[in-house]
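What follows is a single structure, written as structure tokens, with notes after it.
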Amino acid sequence: MESTWSLVALAAHLAQTIGLHRDPARWETDPKIVQRRRMVFWDLFIADSWHSLSTGRPPAFNRAFIDCRFPQEADIPTNLEPGDPMSINCWGFRFAYDGMAEIISRTLTATSPRYSTVKELDRKVRELQGGSAKA
């Protein structure tokens, strides 16, 4: 776990060095490259979030500095038909950003969270799992 956490943190910092945390649609004209950069960033964001949560260490990414949009659903390989619910990939990106990052930022702090905070986070995770969270 130690070496994996170090490698994920290194990858996250390198990703920020090349600007993966910024949405590439503002400067990149090739839609395939835009979507590929988005996929790489969000996959790395998920890995960083899970490693942070499992080790209890701060994440490498801070949501305040991220404006990279989620990849477009049509560009993610799935077996879904048009009109089907959100794919697991898109749900995973949203859950990592709206759920896990929130949990990490409010619980992995120097002081223990209040019980009311834990209940609020639990409610939010349950909403995200049920798909009722806002897009």
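Put I46, I18 in order of accessible area, highest first, and with a 1.4 Å probe you get I18, I46. T111 exposes around 100 Å² of accessible area when a 1.4 Å probe is run over every protein chain in place. Within the chain, helices built from complete DSSP H runs that reach 20 Å or longer along their own axis (Cα positions) and carry a mean Kyte-Doolittle hydropathy of 0.0 or higher are 2-17.
Entry note: the chain has Rg to Rh equal to 0.98, where both radii use alpha-carbon atoms and Rh is the Kirkwood radius. Taking the Cα centre of each part, how many Å lie between the stretch 8-40 and the stretch 90-116? With the stretch 8-40 and the stretch 90-116 each reduced to a Cα centre, they are spaced 23 Å.
Here's how it looks for C68: its modeled amide H is under 5 Å from those of D23, which are all 5 or more places away or on a different chain.
For R22, neighbours were defined as the other residues whose beta-carbon sits under 14 Å from its Cβ, and their charges (Lys and Arg +1, Asp and Glu -1) total +2.
Using the Stokes-Einstein relation with a Kirkwood hydrodynamic radius computed over Cα pairs, the translational diffusion coefficient of the stretch 1-51 at 10 °C and a viscosity of 1.306 mPa s comes to 138 µm²/s.
The values are calculated or read from the model by the stated rules, or taken from the named source; none is laboratory data. Everything quoted here is computed from the prediction, not taken from an experiment. FYI the Cβ positions are ideal-geometry reconstructions off the backbone, even for glycines, and counts take in every protein chain you see. Keep in mind that these areas ignore ligands, DNA and RNA; they rest on the heavy atoms of the full protein, side chains included. Shrake-Rupley method; radii C 1.70, N 1.55, O 1.52, S 1.80 Å.
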